[in-house]
Amino acid sequence: MRRLSYSLIGLPLGLLGLLYVAVTVLAGSVLSLTAIGLPFLAAGVRGARLLGRLHHGLARRLLGVTSIGPAPPRRSSGFTDWVKVGLTDRAGWQAVVYLILKAPIGLLAAAISIFFYGYGLAALSYPVWWRFIPAQPDKTGVPRSGLPLPGDIFLDTWTLALLASVVGAAMLLAGPMVLQVVLSLDRLAIAGLLGPGTLRDRVRELEQTRAFAVQDSAAALRRIERDLHDGAQARLVAMAMNLGAAKEQLDQSGADPKALELVDYAHRDAKEALVELRNLARGIHPPILDNGLDDALATLVARSRVPVDLTVSLTERPAQAVESIAYYCVAELLTNVAKHSRADRAAISVDQRDGALHLRVADHGQGGAEPRGGLAGLAERVRTVDGRLAISSPAGGPTIVTVELPCAS
């Protein structure tokens, strides 16, 4: 029944798709020399992609097609880029070809469905209703009952009626197999034209999915940090203040020393918990990053135990996830300089080139840094956005660590 439903639904959809191509794509091609032609054609290709998605979804539901659809088109910036993306959309043009092929395939599938299922059901039930057919004259003028066939043959006996019923049953049994052959053409067209496309398209889709997951994770960490700062941290501050006030009040009133000692312990625990919570929130998402990477790095340099020369040159603000990774890379590298390098000075430079953020942390310490431990963790974090980390640290120094991150990841 699913194949039958698909073939019957596919006929009007196929004719509608062919009409859509004729009106939009062909008209857009004819008008391509005018000001509205190319935008109209780009819109037509994008619309064909949506119709292709409709056909693909219908095939997945009724035919059991398991292939995924094509990757979404590249995001456009501005009207001109929107037109360019639409005109160069490979999946959109493949959908146009599918809509052209779908019309004859849908017409053939519907015709086979009507013939085998419609006529088969009528023939199967012929013994029930053949007696109610009005009599008709044959070539000799003699009235004959039953259904007339070419060649002046009338199915006007019970033997012929039962034979027609057998033929009807055979047609109903053969219908699904014949329909399956025709629908296999539709499956091939869907797999070739509405499928995931080339390996490059699939890679781009995975990159977009990964980028969305990274950005969503960064936004979630930012929300957690704000909730901790505005909720739990504020409550701990209020509790520490109240305990401090209670401690002073008990001390002035000459209360039981044991009670005063318990309040004092609670006051110290509250302050220690507040410090731990602040460190935890800072490790999740440093609030200073809300002001931008340049301010965040300036704060890191100001807290560094080793004097640092900082140079930042940003033409545009990177994505939140990239800013967070860059911040933690610099923080970890400055910690390594202070702990292991024995350097008396370090230098950090940050700039943007060719759509990428470049970090360079250098010191003139003893060298010998190896890509293990914390540096290995940094390399893994950088790779989550297709970044690269390189280390140059010969014995005796200098140590230079460079990090390249895509700005839009």
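The values are calculated or read from the model by the stated rules, or taken from the named source; none is laboratory data. The shown structure was predicted, so the numbers you read here are calculated from the model rather than taken from an experiment. Because the Cβ atoms are built from the backbone with ideal geometry, glycine has one as well, and the counts that use them run over all protein chains shown. Only protein heavy atoms, including side chains, enter the accessible area calculation; ligands, DNA and RNA are left aside. Shrake-Rupley method; radii C 1.70, N 1.55, O 1.52, S 1.80 Å.
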When the range 352-378 is examined, which residues are found to be open to solvent by less than 40 Å² (accessible area, probe 1.4 Å), at pLDDT 80 or above and more than 19 Å from residue 320 (Cβ to Cβ)? 361, 362, 363, 365, 367
Filter result for the condition that a residue is open to solvent by 50 Å² or more (accessible area, probe 1.4 Å), part of a helix (DSSP H, G or I), at pLDDT 80 or above and not small (Gly, Ala, Ser), over 18, 58, 11, 4: 18
Restricting attention to the range 21-55, report how many residues are buried (at least 19 other Cβ atoms within 10 Å of the Cβ) and of a type in the set (Val, Ile, Thr). 4
Positions within the range 389-407 being open to solvent by less than 40 Å² (accessible area, probe 1.4 Å), in a strand (DSSP E or B) and of a type outside the set (Val, Ile, Thr), in sequence order: 405, 406
Can you confirm whether residue 76 is modelled with pLDDT under 85, surrounded by fewer than 19 Cβ atoms within 10 Å (Cβ to Cβ) and in contact with a Phe, Trp or Tyr (Cβ under 6 Å, 6 or more places away or on another chain)? yes
Residues of the range 28-41 that turn out to be touching a Phe, Trp or Tyr at 6+ places or on another chain (Cβ under 7 Å) and in contact (Cβ under 8 Å) with a residue 12 or more places away in the chain, as a count: 1
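Taking the range 61-71 as the search range and keeping residues that are under 22 Å from the mean Cα position of the chain (by Cα) and open to solvent by less than 40 Å² (accessible area, probe 1.4 Å), which one is nearest to residue 193 (Cα to Cα)? Even if it seems obvious, please write down each step before you answer.
First pass over the range 61-71, keeping only residues under 22 Å from the mean Cα position of the chain (by Cα): 61, 65-71.
Filter once more, so that each one left must be open to solvent by less than 40 Å² (accessible area, probe 1.4 Å): 65, 67, 69, 71.
Values: 65: 13, 67: 11, 69: 9, 71: 12 Å.
Across the range 61-71, the extreme among qualifying residues is 69.
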Conditions (1) open to solvent by 20 Å² or more (accessible area, probe 1.4 Å); (2) modelled with pLDDT under 80; number of the one not met by residue 312: (2)
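Considering each residue of the range 352-388, count those that are in a loop (DSSP other than H, G, I, E, B), under 25 Å from the mean Cα position of the chain (by Cα) and without any contact (Cβ under 8 Å) to a residue 24 or more places away in the chain, and give that number. Break it down into steps so the answer makes sense when it comes.
Going through the range 352-388, the residues in a loop (DSSP other than H, G, I, E, B) turn out to be 354-355, 364-373, 384-387.
Imposing the further condition that a residue be under 25 Å from the mean Cα position of the chain (by Cα) reduces the set to 355, 384-387.
From the residues that got through so far, the ones that are without any contact (Cβ under 8 Å) to a residue 24 or more places away in the chain too are none.
Matching residues across the range 352-388 total 0.
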Suppose we keep only residues that are small (Gly, Ala, Ser) and assigned to a loop (DSSP other than H, G, I, E, B) within the range 302-351. Which one would you say is nearest to the chain's Cα centre (by Cα)? 319
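Do you know which of the residues in the range 85-98 that are open to solvent by 20 Å² or more (accessible area, probe 1.4 Å) and in contact (Cβ under 8 Å) with a residue 24 or more places away in the chain is nearest to residue 4 (Cα to Cα)? Walk me through how you get there before you give the answer.
Narrowing the range 85-98 to residues open to solvent by 20 Å² or more (accessible area, probe 1.4 Å): 87-88, 90, 93-94, 97.
Then keep just the ones that are in contact (Cβ under 8 Å) with a residue 24 or more places away in the chain; that gives 87, 90, 93-94, 97.
Numbers: 87: 36, 90: 31, 93: 28, 94: 26, 97: 24 Å.
Checked the range 85-98; the qualifying residue nearest to residue 4 (Cα to Cα) is 97.
With respect to residue 343, determine if the residue is over 20 Å from residue 294 (Cβ atoms), surrounded by 17 or more Cβ atoms within 10 Å (Cβ to Cβ) and either among the polar types (S, T, N, Q) or touching a residue at least 40 places away in the same chain (Cβ under 8 Å) (or both). Talk me through it step by step, then tell me what you get.
Details: over 20 Å from residue 294 (Cβ atoms): yes; surrounded by 17 or more Cβ atoms within 10 Å (Cβ to Cβ): yes; either among the polar types (S, T, N, Q) or touching a residue at least 40 places away in the same chain (Cβ under 8 Å) (or both): yes.
The answer is yes for residue 343.
Yes/no matrix, rows are residues, columns are (1) charged (D, E, K, R); (2) open to solvent by less than 90 Å² (accessible area, probe 1.4 Å); (3) at pLDDT 80 or above:
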site	(1), (2), (3)
136	no, yes, yes
142	no, yes, no
147	no, yes, no
168	no, yes, yes
176	no, yes, yes
195	no, yes, no
205	yes, yes, no
Restricting the search to the range 324-336, which residues are crowded, with 16+ Cβ neighbours inside 10 Å and either touching a Leu at 6+ places or on another chain (Cβ under 7 Å) or without any contact (Cβ under 8 Å) to a residue 40 or more places away in the chain (or both)? 324, 325, 326, 327, 329, 330, 331, 332, 334, 336
